[in-house]
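The values are calculated or read from the model by the stated rules, or taken from the named source; none is laboratory data. Being a predicted model, the structure only gives us computed values, none of them experimental. Counting neighbours? That spans all protein chains shown, and the Cβs are built from the backbone with ideal geometry, glycine included. Protein only, heavy atoms only, side chains kept; ligands, DNA and RNA dropped before computing areas. Shrake-Rupley method; radii C 1.70, N 1.55, O 1.52, S 1.80 Å.
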Amino acid sequence: MSWKQLLARGEIKAHQTSKQEIDNIRSLIARDLADASLPGLSADRCFATAYNAVLQTSKICIACSGYRVTARAGHHAVTFEGANLAIGAKILSLTDYFDACRRKRNLIDYDNSSVASETEAEELLKKAYEFHALVEKWVAVNHAIWKADR
């Protein structure tokens, strides 16, 4: 799928982001990564919160590319697809993994199922940190106007 195809299908819209918007998303990511790292948090809550950090990180990729995902069924999958379009094939294995996590997170949040193991939660949290670092590096190189203040 291409940006043009996603636009034609109404799954994304053209969007002019701002440093403030990107920094607001960064604040959500920092909160979710910190919360998911709390000792004693259930595996399901850790998993769902780390997943949200990944979703927000993907939104940065899309916003920096000049788009935003429309709010409709399937928008999480489109968000991961948009991150792939923005950064390229080098993140495909990560976004494929995150898309698989999306289905498990749906069970946790919508079916009230307890499904994530401690190992799965820890793995997703580790990959969330990895993905966030990768995206911040990508932003600094490709969209320096919106790079993180250090």
Where in segment 1-80 are there helices (runs of 4 or more DSSP H), lying wholly inside it, with at least 3 residues that are open to solvent by less than 10 Å² (accessible area, probe 1.4 Å) and closer than 19 Å to residue 99 by Cβ? 19-36, 43-64
For residue 117, state whether it is within 23 Å of residue 2 (Cα to Cα) and modelled with pLDDT under 95. no
Based on what the data block shows, is residue 119 open to solvent by 40 Å² or more (accessible area, probe 1.4 Å) and either over 22 Å from residue 24 (Cβ atoms) or among the small types (Gly, Ala, Ser) (or both)? yes
State yes or no: is residue 82 in contact with a strand residue (DSSP E or B) (Cβ under 8 Å, 6 or more places away or on another chain) and modelled with pLDDT of 90 or more? yes
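For (1) without any contact (Cβ under 8 Å) to a residue 12 or more places away in the chain; (2) touching a strand residue (DSSP E or B) at 6+ places or on another chain (Cβ under 7 Å); (3) of a type in the set (A, V, I, L, M), each residue gets a yes or a no:
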{"site": "11", "(1), (2), (3)": "no, yes, no"}
{"site": "17", "(1), (2), (3)": "no, no, no"}
{"site": "26", "(1), (2), (3)": "no, no, no"}
{"site": "35", "(1), (2), (3)": "no, no, no"}
{"site": "56", "(1), (2), (3)": "no, no, no"}
{"site": "69", "(1), (2), (3)": "no, yes, yes"}
Just the residues that are open to solvent by 30 Å² or more (accessible area, probe 1.4 Å) and not charged (D, E, K, R), please, taken from segment 81-91. 84, 85, 89
